[in-house]
Each structure stands twice: as C-alpha cells, then as structure tokens.
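A.B. asks: Here's a structure for you.
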Amino acid sequence: MAETEKTSTRGRAAMRWLLAAILISAVAASGAFSGLMNKAGLLYLVLGSVAAALMGFRGPEIATAFRQAAGQAGSAESLGRSAHFWEAAARNAWILGALGSALNFTIALGTPSGGIADAGVRMIQSFLVTLYGLVLAVVCLVPAVKLSGKAEKMRLQGDARLAAETETGGPARASFRAVTPDRIAGYVLFAVVLVLTVFLLVAGLPQTGPVPIAKVLLHWPAILVVIGGAIALALFMGDGAGARAWTLGFAMTGFVGLLTGLIQALLGFAHRNIGEIASACAFIISASAFSLLGLVAAAAPLEDREVMDGLRDKPGALSRLFWVVFPLLTFIFLVLTFIMVVLPMTKPGG
Amino acid sequence: MTDENKTGFDVDDLLRRALADDLPADVAGGMRRRIERFRAGATEKSAPAAARAWLFRRSVWAALAVLMLIAGFLLQGARSRSPLADRISELKAAAVNFEAPRS
C-alpha cells in the first residue's frame, strides 16, 4: 500500500516536470521570444550551475536531493539538507546569472564592433543572462520550499526518528574534507565553462581588435581591490566566522568597489573627462564580476560544506542577504554603466 | 625500602652534594659552550620550518591583503590605463560623434 502511494507520488512529480519541460520547449520553438535568446548565456548558466553544485556538494548528496524533490521520503534532517541543496542551486543560478551578464557586458564593450549602436545592442543582450538566472533560481526554489516545509512539518510532529528508520538512500554525514573528487571536478568544469563561454561570445565577432580578450577582462585595480579586500576582511573576522567571513568579504568589497566606481564616474561627468568616466565604468564592471566570481566559486561552496557537514544549521542571515542583494546591485550598476557609456556628453554651454 | 628506591635516594644525595656550591669556572665554561653549540644546531635545523611558519602567519597575509587593497585604489585613483577603459573611451567618443549631427 505504502509502496503504491510512493510510486504514485513519484509519477505525479515526474509528470509535472515533463509538462513544464514540454511547455518551455514549445515556447522556445514558437520563436515568440526569439529576441530573448542568448544561446551562449544559456549554455553557460546550465553548465555553470552543474559545476557550482559539484563545488559545494558531493555526488550522493545531489542524487538524494533530486530523489527527494521527486517525492522520495526521508528523515527531517535529510529533507532539510536536500532543501538546502535546492536553495543553494537557486542562489548559484542567481549569482551566475549576474556574473554572466557582467562577463558578457565586458566582452560587448571590449571587443570591436560596428559602433555605439551595435555595442549597445550587445550590451542589452548581456542582461538576458541575469533573466535566465532568475528563472532558473525560481525553478530551483520550488523544491527548496517544498522540502523545507516537509522537514519542518516532520520536526513539529516528532516523526524524525520513525522516518530515519524507514529512510532509503539518505547519505550519512561525512567528515569534513576540503578536497574531494567532486569538488575538483566542479572547479575544473567551472573553469572550462567560463573559457568556453568567452570563446563562444568572441567567436561570432570580428577579430580585428587591438587587444586580446584576456587583457580586456582583467582590469587590475578592481582585481586588487576585490581580492585584497576580501582576504583582509576574512582574516580580520577570524576563524570563528568560518566561511561566512568570505561571503561578507567578497560582497562588502564588491559593494565598496561599485560605489567607488559610481562616484568616480559622476565626478568624470562633472569634470567632463571621458577618460575618468571610462576608467570608472571599467572598475564597476570588473569589481562586480570578480566579487561575484569569489562569491560563487569560493565563499558559497565553503558555506554549503559547513551546512552539509553539520558544522552549522544553515547559512548565515547576512550571507543569505548578500547572495540575494549583491547580484541585484550588480544588475542595477550594469544598467547604470550602460547609460553612462551611451549617454553623449555635451560641451559646456552647448 | 626497595633496592630501586634506595638507588634513587643515593643519586639525589649525590646531586645535592655536587651542586651545593658553584661549579668550577672551567666546567661552567665547557657547559656553556656545549649549550651554545646545541642551540646553534637547533636554530640551523629549524630555519625552513621557521620560514614556513612566517609565511603562514595571519598577520603577513593580512598585511599583504591590505597592501593589495591600497594598491588597487591608488591605481584606480591614478586612472591607470587598461584595455577595457580604453575601449569604453572609444565608444564614449563615438557616442559624442553619433550625437553631433543632430545638434
């Protein structure tokens, strides 16, 4: 009887996913939203999310999270961990979306184009990756909310012990290991995805530009500020803060970088100095990109491991706030940068 | 009292008597030289370990990180040239030219 009910639950879940997939495929095939298509961005987001999941979670943990999202039973603790996996997947998608936009934006600005109009179109298209990230984040939040609700209910009913006895396939918590094959695979895949994305974005453009793309992507003042600031903040917070220190370090330094760039750009407008504005825009884009990279590739996986290894119940409240707010701020600042680049400066008295 | 305990008492008594007065100058000098040789050897052996310990000291990394932060801000403040900034300058100039015929 229980077995029949379990099979039925899984069947319903599979049917829901299948219907959603058919609907999305039909919409994509209709061409109604062809203006919203950025193939390189989509590929980057999907593969990047897989890589980010591997960086923070072990294979068995990921498999359990998928099974439990499809209706498999589990203890309150196991369901809670699976809920955390889906919440982390949503967070990764959101951060990766903003990071993809920043990288895409840099390439749109840094590669030769048919003038300001062409560069403008490519800059606008780069925002699509954030949109994809948001959609994927919403998709991942559905199982996260569902599983955390189930876990909470089980805790309240005091059924955790009973469920633990009947659990099938929930992985036991393993001891903390910084380097695992899953994590190595995740980091390698992430690096490959980044290189592949840049290659795909640059491949369609004329290669007559004056500088290689790698030089365009590396704006050293922003890199020094983000990495130096993040390490300094993490060290000053001490060991007690754990991985949260890195989240706060990267996010706060990125925020400082964004504001610094904005103020410098506004001063550039006041001084009518194009060089100053350009330098500030480059700083904003690079600082946001490297802060997001630090968040998704260093800080977030460390916090995930702390939760999955039982060192903490859940990620810090401030970390969660920054994971939501910083990519949003990046998006807003990229839009501001776009406006600052395309906004023509008039001569005094003109 | 067992034989073992008796031996222990004998040695203690011997040490107490031997160290009751100051050591002769030549004996003390010899001991000092041996201690110095031992210390010098120990320092020589642990030099790489000390270097490693210094490298992994939190304060060193903190200082390095703060220096990176300051260098980044100084470079940005000095508006050091970068390929990305140059490209943005070109586009910004193009935007001015793009706008010019209308005015």
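The values are calculated or read from the model by the stated rules, or taken from the named source; none is laboratory data. Keep in mind that what you see is a predicted model, and the values were worked out from it rather than measured. All Cβ positions, even for glycine, are placed from backbone atoms using ideal geometry, and neighbour counts span all protein chains on display.
A.B. asks: Test each condition in (1) modelled with pLDDT under 90; (2) within 22 Å of the chain's Cα centre (by Cα); (3) within 11 Å of chain B (Cβ to nearest Cβ) for A:Lys314 and report the one that comes out false.
C.D. replies: (3)
A.B. asks: Right, here's the next one. Just to verify a result, which residue in segment A:140-199, among those that are surrounded by 15 or more Cβ atoms within 10 Å (Cβ to Cβ) and acidic (Asp, Glu), is modelled with the lowest pLDDT?
C.D. replies: Here the residue is A:Glu167.
A.B. asks: Does B:Ser59 meet the test of being over 27 Å from A:Ala214 (Cβ atoms), over 23 Å from the mean Cα position of the chain (by Cα) and either modelled with pLDDT of 85 or more or facing another protein chain (nearest Cβ under 9 Å) (or both)?
C.D. replies: no
A.B. asks: Further question: Looking only at residues that are over 21 Å from the mean Cα position of the chain (by Cα) and among the polar types (S, T, N, Q) in segment A:251-272, which one is farthest from B:Gly72 (Cα to Cα)?
C.D. replies: Among residues in segment A:251-272 that are over 21 Å from the mean Cα position of the chain (by Cα) and among the polar types (S, T, N, Q), the one farthest from B:Gly72 (Cα to Cα) is A:Gln264.
A.B. asks: Residues of segment A:333-350 being surrounded by 11 or more Cβ atoms within 10 Å (Cβ to Cβ), out of contact with any Phe, Trp or Tyr (no Cβ under 6 Å at 6 or more places or on another chain) and either part of a helix (DSSP H, G or I) or at pLDDT 90 or above (or both), which ones?
C.D. replies: A:Phe333, A:Val335, A:Leu336, A:Thr337, A:Phe338, A:Met340, A:Val341, A:Val342
A.B. asks: Looking at (1) within 24 Å of A:Leu79 (Cα to Cα); (2) of a type in the set (Gly, Ala, Ser); (3) under 22 Å from the mean Cα position of the chain (by Cα), can you tell me which one A:Ala289 breaks?
C.D. replies: (1)
A.B. asks: Also, quick follow-up: Quick one: in segment B:16-37, which of the residues that are of a type in the set (A, V, I, L, M, F, W, C) and surrounded by 10 or more Cβ atoms within 10 Å (Cβ to Cβ) is modelled with the highest pLDDT?
C.D. replies: The qualifying residue modelled with the highest pLDDT is B:Ile35.
A.B. asks: Any chance segment A:210-220 includes a residue that's in contact with a Gly (Cβ under 7 Å, 6 or more places away or on another chain), at the interface with chain B (Cβ under 9 Å from one of its Cβ atoms) and at pLDDT 90 or above?
C.D. replies: No - not one qualifying residue is present in segment A:210-220.
A.B. asks: Where the second residue is polar (S, T, N, Q) and surrounded by 20 or more Cβ atoms within 10 Å (Cβ to Cβ) and the first is outside any helix (DSSP H, G or I) and lies in segment A:115-135, which pairs have Cβ atoms under 9 Å and are six or more apart or on separate chains?
C.D. replies: Qualifying pairs under 9 Å: A:Phe127/A:Ser101; A:Phe127/A:Asn104.
A.B. asks: Can you tell me how many residues within segment A:246-281 are more than 19 Å from A:Ser319 (Cβ to Cβ) and among the aromatic types (Phe, Trp, Tyr)?
C.D. replies: 1
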